[in-house]
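First comes the structure, then the notes that go with it.
Read-outs: derived from the displayed coordinates by stated rules, not from any lab. Note that the structure is predicted; figures quoted are calculated from it, not measured. All Cβ positions, even for glycine, are placed from backbone atoms using ideal geometry, and neighbour counts span all protein chains on display.
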Amino acid sequence: MRVWAVNLSLATLDIVKLGFTQSLDNMIYKEARSDGLEVGGLETMDEQIKALTGGSESDNLRFLEQALDIGEEYDAENRSPLREMLEAYLSGEMEQLVAKLEESNSRDPELNKRIMKSLLDDRNVRMADRMTEKLTAHPDKSYFFAVGAMHYPGEMGVLKLMRAKGYRITRINPPPATTSADLTAQVTALEQRIEQLTETLDQTATAKAALEARVRKLEVQVRALEKRLR
């Protein structure tokens, strides 16, 4: 397996750990198709693969080692990079997304600068250009463009690039942020509820067993009475 493919596989592990069975873009694609909407992509498959394979073999290996180190540290601290990114996105604060990106980039700034140019910056420019082309060519149409969260923030992010082209960007109905503390509290509450239900089931099973024993005892007494009446 190529190094870039291993890197891509690592990125999906956290998705699986959180219980997701498909990517968000695939889900949106299926929903649009089921609603009979026109669908398309801002990139071709070849362009995406080129972005993944654009770095040198040595850079890709160093990037893989860095990803493995980060993964081990997160696991040791019982943290989820995907969950933290999701919380940052839901907060509506792009600075939080930038902070998450800078946190991982700070380990080897020069390496990550080269990698991110191919993975994010160059692709952001291409995506912004193609969104503009579609909007300009068909001003009578409404479009729904979906890109990964890390493509939004930063000086070379899609939001800033689209603003530079004269578009007004407005966040629509930002949902309330769900913090790790909130999630932990929810999990604890669910665990307590499960424990209560389990205890109730145990009590029910005990009561059922006692009732069955009593029924068997009564059946023996009934058979004894029937025998005496014969």
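Some observations on this one:
- The percentage of C-alpha pairs in region 3-175 whose separation is greater than 26 Å is 34%.
- For region 72-176, GluC sites (Glu not before Pro) are listed when DSSP marks them as loop and at most 12 other Cβ atoms sit within 10 Å of their Cβ; the list is E77, E155.
- Using the Karplus relation 6.51 cos²θ - 1.76 cosθ + 1.60 with θ = phi - 60°, the per-residue 3J(HN,Hα) values for region 27-42 come to 5, 4, 4, 5, 4, 5, 5, 5, 8, x, 8, 6, 10, x, x, 8 Hz, with x marking Gly and Pro.
- Within the shell of other residues whose beta carbon sits under 13 angstrom from the beta carbon of E110, the net charge comes to +3, with Lys and Arg scored +1 and Asp and Glu -1.
- Counted charge near K208, where neighbours are those whose Cβ lies closer than 12 Å (Asp, Glu -1; Lys, Arg +1): -1
- Whole-Hz ³J(HN,Hα) from phi, Karplus 6.51 cos²θ - 1.76 cosθ + 1.60, for region 68-73, glycine and proline x: 5, 4, 4, x, 5, 5
- Total formal charge among the other residues, if their Cβ is under 10 angstrom from that of S56, Lys/Arg +1 and Asp/Glu -1: 0
- One Cα centroid belongs to region 128-164, the other to region 17-89; the line between them spans 19 Å.
- For the pair L90 and T188, label points projected 7 Å from Cα toward Cβ lie 1.8 nm apart.
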